[in-house]
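Scroll down for the structure; my scribbles are underneath it.
The values are calculated or read from the model by the stated rules, or taken from the named source; none is laboratory data. Model, not experiment: these values are computed from the prediction. Cβ placement follows ideal geometry from the backbone for every residue including glycine, while neighbour counts extend to all protein chains displayed. Note: areas computed on protein heavy atoms with side chains; ligands, DNA, RNA excluded. Shrake-Rupley method; radii C 1.70, N 1.55, O 1.52, S 1.80 Å.
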Amino acid sequence: MRTINVCLSPELTHLYDLSDKTVVVVDILRATSCMTTAFAHGIAAIRPVANLEECRELKVQGYITSGERNGEKVEGFDKGNSPFEYMGGEMKGNKIAFTTTNGTQAIEKSKSARELLIGSFLNLSAVVNHLKASSNSAIILCAGWKGRVNLEDTLFAGAVIDALKSNFETPDDAELIALQLYQHTKDNMIEFLGQSSHVKRLNRLKIHKDIAFCLTPDQYDVLPRLVGGELITK
Ligand code: MLT
């Protein structure tokens, strides 16, 4: 039977063989929610990059520069990391160079995967349906915060495990942690996440409306995947 693992931090990726797996990278607040939203509104491709300089250099090649550091928009960049900045449709057909504190670092660390997908609550069913139909074993890679575990990515991993537990074996305790957390909090996720470090950080930055939106399941039927260094949906 196929297996599904939850990797609770990018610092733990060395414990897994990614080369024969589908890896779903998740940064609920907010990088992968933002990427999902951008594709749902017509962005052609996203080039995830680890550092600010590389992102700035891509501007010369026509890329829109997007992202954040520590939750705040980077000075001189075209866009920040709020899903609401990507809903207007004015960037339709364009390419984005994207760099974030944790999400794009997690993508960087999982480039050896057989298949790399972007997951968020916003495209939860698209992720689940794809994993169900695939013959690959899977890893849900939680981006966390600077190597540390966080609640919101673990919750998403739990939602995926909950949907797939009869299709996959779940070998380790991380899957149980995620599943139990999700099952106990799914009906009051927003209140529960009020305690989380990143929700407190976003609240301090007066970023409020992104939180509830990023926790809303199935807003979009898109599934970004990495092909040749760029995320695409086609
Ligand atoms: C990240 O990649 O670290 C996050 O998306 C931070 C944020 O909320 O902007």
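Semi-axes, largest first, in whole Å: what does sqrt of 5 times each Cα gyration tensor eigenvalue give for the chain?
They are 26, 20, 16 Å, listed from largest to smallest.
Using a 1.4 angstrom probe, figure out how much accessible area the chain has per residue, in square angstrom, rounded to the nearest whole.
That works out to 42 Å² for each residue.
Can you classify region 33-121 as rounded, prolate or oblate using the Cα gyration tensor, where a ≥ b ≥ c are the square roots of its eigenvalues, rounded means a/c under 1.5, and otherwise it's prolate if a/b beats b/c and oblate if not?
Rounded.
Calculate the length of the line joining the C-alpha centroid of region 1-79 to that of region 170-221, in whole Å.
18 Å
Only Cα pairs within less than 10 Å get springs; with that Gaussian network setup on the chain, which residue of G147, G158, G119 has the largest fluctuation?
G147
Kindly work out what percent of the DSSP beta bridges joining two residues of the chain are antiparallel, to the nearest 5.
That works out to approximately 25 percent antiparallel.
Which of rounded, prolate or oblate describes region 159-229 when judged by the alpha-carbon gyration tensor and an a/c cut-off of 1.5?
oblate
Among the listed pairs K95/K206; K109/K234; K59/K79; K111/K132; K186/K206, which are separated by more than 20 Å between their Cα atoms?
K95/K206; K109/K234; K111/K132; K186/K206
Can you pull out the trypsin sites (Lys or Arg not before Pro) in region 130-180 whose DSSP state is coil and whose Cβ has at most 13 other Cβ atoms within 10 Å?
K146, K165
For V227 and V149, calculate 0.36 nm times their separation in residues minus their Cα-Cα distance, and state this gained length in nm to one decimal.
Going from the current span to full extension adds 25.3 nm.
Can you compute the modelled spin-label distance between Q61 and I190, with each label point 7 Å from Cα toward Cβ, in nm?
Computed distance between label sites Q61 and I190 equals 4.0 nm.
What lysines could a cross-link reach from K200, if we take a straight Cα to Cα line under 19 Å and drop same-chain neighbours fewer than 8 places away?
By straight Cα distance, K200 reaches K73, K146, K209.
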